[in-house]
Amino acid sequence: MVIKKNHSVSFLLALSILVFASACKNKETASKGNPKIDKLKLPSGFKAEHLYSPADNDQGSWVAMTFDNKGRMITADQYGALYRLVLPAAGDTTKPKVEKLIIGSDADKSTDTTTLKIGMGFAQGLLYAFNSLYVMVNHNSDKDFDKNTGMYRLQDTDGDDQFDKITLIKSLEGEPGEHGPHSIILSPDKKSIYIAAGNHVDVPEMETYRLPPVWQEDNLFPQIKDPRGHANNRKAPGGWIAHMDSLGNHWEMVGAGFRNEFDIAFNEAGDLFTYDSDMEWDFGMPWYRPTRICHVTSGSEFGWRTGNGKWSASYPDNLPPVLNIGQGSPTSLISGSNAAFPEKYRKSIFAFDWSFGIIYAIYLEPNGASYTAQAEEFISGSPLPLTDGLIGPDGAMYFLTGGRRLESDLYRISATTPDKSNASVSPATITEENKLRRSLEKYHEPNKNALEMAWPNLKHEDRFVRYAARIAVEHQPVATWQERALNETDPIILTEAMIALARQGKQSIKNKMFQVLMKVDYEKLSPIQQLDIVRAFEVLIFRMGKPEGQMKDQVVAYLDPKFPASSNELNRVLCKVLVFIGAPGAVEKTLTLLASAKDDPMEKTVSASSDLIMRNPQYGLDIANMLANVPPAQQTYYATVLSEASSGWTTARQEEYFKWFAKAFTYKGGVSYVGFIDKARRKALAHTPAKKTSYYDTLSGGALLTESGNDLADLPQPKGPGKWRSKEEALAIDVTSLTNRDFVTGKNMFAASLCSSCHTMKGEGGNIGPDLTQVGSRFTARDILVHTVDPNKEVSDQYAATVFTMKDGSSVVGRLINEDDGKYVVSQNPFSPQTLRELPKAEVLSTKLSKVSLMLPGLTNRLNDEEIKDLIAYMVAGGNKDHKVYTGK
């Protein structure tokens, strides 16, 4: 199955499920009789070996790997130590020799003292280079001997093959965890290092910045942060990628604007790529962005902003992905250039998805200064929670599964006929536009010759070239190009120059900038150029303020006749600018569009290949019904824009507007969908007459959102008899061979145990905890039982409560939903999440994430053993009654 670049959100969701749920042609298992291998689907011509299971030896769940200069593998337990492995040769069934690394030095070699043990672990990035092991620690500890979040260099200074010297290269601040600092890789010339960090890591002070450090939110869309509290205190620029020398003395910002890019890789042409994550809770919203492959050029910005503030990929001040893949949880990204694989794989990069258990082969095709791409399933399995991968010194692919304390495994993938000849691989293609972009990137620093090179390329037909040229301009002193920008007559150059000046200039020239933008003959621009110039207005207004007085009248006179436009994308940016500045008629026009808006065909059309999903019963996913009930993204966008409009309303308009919300609540999107819609609704209610607010609240569906509590009497009841079980007794229940289980009982026990109060299954249930529809694709039945019995075993950052220690000695525990300069907003009751409590920051001494799950213990104690098996089977099957746990097939 091949994924081509496609901007359809609905198509992408369906396709991401398709590649997981369906078996591709020419796939084969590597061996029969070993369940660790039998579950893998491989391309023809490849074989798999299962090398090791860390959990069998109480060595944790491995999430990072590297090879040292002796060909040994070094790995990291997500919550523990580092290990070094001597691997057997291909085909050798001998187990690896595994050594736990003791990091530190002898405290006093003249005496018989024991080794000083240093808590070096909790790593999500490892790299062996320059005779050193670089470790990216992603963890903060209250233990003095543990090393906290940051980049460390480990060295063996006395030649005893043990790391005895630890150097902290850079401490990293923020919120370590799943969105913390991640991978470390070597540059193509092997002279420096690149680092990837997620959006919960503050950008540290660096010596140089390829992306000028003037980032802001730059969005006039009414801000709504995630209703469930995720990343609500994170600001621009989001996740980032940096470059440093081997000693860590010089750090340079390369690019930013990511959500949570775990890994980075260079292709054979030396271009850098990453695989960024989606926010699955946003599915169905106009700001939802699928997982995607991004070409990370010098100074690149990809527009992640918290909540609904994410930029459109069409905006000229950020770059688009080369490929949208769909829903998933990206982890590793590796280049195939050193693999002993057929040529097409050596020229690809491999993208790992933890959620669906898929390794994609990404085929990159040069296109101007960047690339187009296709994704093909290379390896898949269920469960197969992929964490990291590398091409080893032998040309084989090695990969790890695990994470979040799941069962962990190490695999090796080899071609049955290895190709180790570099001569068989055609040389990398570097286009003239790519060369031009690279030459412009040399000016991403102050240089007296930069303007001569960059200015004419602000109108280049290639978007990546135009972007590189603008960043080069921004690196030069504003005084050297401000007047040139204000006197520019070419409309394309002028648009780019005004975006640059809005980002770098002073507010005193705001009116001059409005005037020169309005000199552009809008009608002579292409639709893309029209979008660019309206975006220039938006950035200017966000950075320097609204036009006022006569200038406002002139800006309205210029933009208002262009609205509505012929495209959804252009209408989005026009309506938010016009509503924000209070243009007369903007509310009426936007409301008219709200009533009739249709999503673009690419957002609603399911391709022929997705028909295979609807016919595939493996996971029982009612794709057609799901797609039919996806929220109308364009309407949602207009409704959100109108939520902060304070003028332009009539009674009839408000009646029409608030009725839309009641209908919107009937659609099904991601778990934050209802919360986003309700927050927009509440913003709008604040602009209604006080005597009518209650009426509009009811009209807009407010009564439907009132929680009536959990009526336990109406829930299905277990037959029992239940009993109190110790953890050991509960884990003794055998769920390893689930066949011929009872679907109805499993579904009823999912409700009886209150699972459905907090978790979604196939679009139904609560949204306090994670959606469990795909839990069987990454958890074994045993893992599911373990985490059900012991919910505190692993608590994901996204679902963790926060402990607020108060100055009076008390403490408050709850989900942090929002915060501002003066207070925290907390939800304490998982069964009534809309009930919020405000904590003044002046009364709070400290905060930390709780290690105790919001999930109550003992929820399965009312069930008998067979009912527990049916419950686990129901979760393994993802609520699909045609799954093999019921049919045996």
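Per this entry, R572 is counted among residues that are assigned to a helix (DSSP H, G or I), in contact (Cβ under 8 Å) with a residue 12 or more places away in the chain and farther than 22 Å from D490 by Cβ. Taken over region 462-502, residues that are open to solvent by 30 Å² or more (accessible area, probe 1.4 Å), touching a residue at least 40 places away in the same chain (Cβ under 8 Å) and of a type in the set (D, E, K, R) amount to 2. Do we find a residue being open to solvent by less than 10 Å² (accessible area, probe 1.4 Å) and either in a strand (DSSP E or B) or touching a helix residue (DSSP H, G or I) at 6+ places or on another chain (Cβ under 6 Å) (or both) anywhere in region 416-436? No, there is no match, as no residue in region 416-436 is open to solvent by less than 10 Å² (accessible area, probe 1.4 Å) and either in a strand (DSSP E or B) or touching a helix residue (DSSP H, G or I) at 6+ places or on another chain (Cβ under 6 Å) (or both).
Run down I118, I102 and say which single residue is open to solvent by less than 50 Å² (accessible area, probe 1.4 Å), at pLDDT below 90 and among the hydrophobic types (A, V, I, L, M, F, W, C).
From the options I118, I102, the qualifying one is I118.
Going through (1) out of contact with any helix residue (DSSP H, G or I) (no Cβ under 9 Å at 6 or more places or on another chain); (2) more than 21 Å from E207 (Cα to Cα) one by one, N487 falls short only on (1). Condition (residue is surrounded by fewer than 19 Cβ atoms within 10 Å (Cβ to Cβ) and either under 27 Å from R404 (Cα atoms) or in contact (Cβ under 8 Å) with a residue 60 or more places away in the chain (or both)) applied to region 867-880: is it met by at least one residue? Within region 867-880, not a single residue is surrounded by fewer than 19 Cβ atoms within 10 Å (Cβ to Cβ) and either under 27 Å from R404 (Cα atoms) or in contact (Cβ under 8 Å) with a residue 60 or more places away in the chain (or both). Restricting attention to region 327-345, the residues that are at pLDDT below 95 and either part of a strand (DSSP E or B) or open to solvent by less than 20 Å² (accessible area, probe 1.4 Å) (or both) total 1. Restricting attention to region 129-146, the residues that are modelled with pLDDT under 90 and over 18 Å from S183 (Cβ atoms) total 7. With respect to being more than 27 Å from C575 (Cβ to Cβ) and modelled with pLDDT of 85 or more, T693 falls outside the description. Whether any residue in region 836-856 is hydrophobic (A, V, I, L, M, F, W, C), closer than 26 Å to G177 by Cβ and in contact with a Pro (Cβ under 7 Å, 6 or more places away or on another chain) is what I want to check. Looking for residues that are hydrophobic (A, V, I, L, M, F, W, C), closer than 26 Å to G177 by Cβ and in contact with a Pro (Cβ under 7 Å, 6 or more places away or on another chain), one finds at least one in region 836-856, hence yes. Could we say that N219 is touching a helix residue (DSSP H, G or I) at 6+ places or on another chain (Cβ under 9 Å), open to solvent by 10 Å² or more (accessible area, probe 1.4 Å) and either within 29 Å of I541 (Cα to Cα) or not hydrophobic (A, V, I, L, M, F, W, C) (or both) here? So N219 fits the description; yes.
Screening T805, T788 for residues that are closer than 30 Å to I733 by Cα and outside any loop (DSSP other than H, G, I, E, B) leaves exactly one candidate, T788.
Listed conditions (1) surrounded by 16 or more Cβ atoms within 10 Å (Cβ to Cβ); (2) modelled with pLDDT of 80 or more; (3) of a type in the set (S, T, Y) are all met by T698, apart from (1). Pairing each residue of region 156-169 that is part of a loop (DSSP other than H, G, I, E, B) with any residue that is among the small types (G, A, S), provided the two are 6+ apart or on different chains, yields C-beta distances under 7 Å for D164/G104; D164/S105. I528 fulfils the conditions (1) over 33 Å from the mean Cα position of the chain (by Cα); (2) in a helix (DSSP H, G or I); (3) over 20 Å from E217 (Cα atoms); (4) not aromatic (F, W, Y) except for a single criterion, (1).
Taking the condition of being open to solvent by 10 Å² or more (accessible area, probe 1.4 Å) and either more than 23 Å from S183 (Cβ to Cβ) or within 21 Å of the chain's Cα centre (by Cα) (or both), how many residues in region 356-379 meet it? Matching residues across region 356-379 total 8. Only residues that are open to solvent by less than 50 Å² (accessible area, probe 1.4 Å) and of a type in the set (D, E) were counted across region 178-203, and they come to 1. Quick one: in region 531-548, of everything that is in a helix (DSSP H, G or I) and over 25 Å from S567 (Cβ atoms), which residue is most open to solvent (accessible area, probe 1.4 Å)? Checked region 531-548; the qualifying residue most open to solvent (accessible area, probe 1.4 Å) is R543. Scoring Y558 on the criteria (1) part of a loop (DSSP other than H, G, I, E, B); (2) modelled with pLDDT of 95 or more; (3) not basic (K, R) leaves a single failure, condition (1).
With the requirement that a residue be open to solvent by 40 Å² or more (accessible area, probe 1.4 Å) and either within 22 Å of S246 (Cα to Cα) or aromatic (F, W, Y) (or both), what does region 204-216 give you? Result: E205, E207, T208, Y209, R210, W215.
Counting only helices (runs of 4 or more DSSP H) wholly contained in region 597-660, the ones carrying 3 or more residues that are open to solvent by 50 Å² or more (accessible area, probe 1.4 Å) and modelled with pLDDT under 80 occupy 601-604, 611-615, 623-628.
Can you report the number of residues in region 283-302 which are over 22 Å from R438 (Cα atoms) and in a loop (DSSP other than H, G, I, E, B)? Qualifying residue count, region 283-302: 8.
The values are calculated or read from the model by the stated rules, or taken from the named source; none is laboratory data. This structure is a prediction, so every number in the text was calculated from the model and none was measured. FYI the Cβ positions are ideal-geometry reconstructions off the backbone, even for glycines, and counts take in every protein chain you see. Keep in mind that these areas ignore ligands, DNA and RNA; they rest on the heavy atoms of the full protein, side chains included. Shrake-Rupley method; radii C 1.70, N 1.55, O 1.52, S 1.80 Å.
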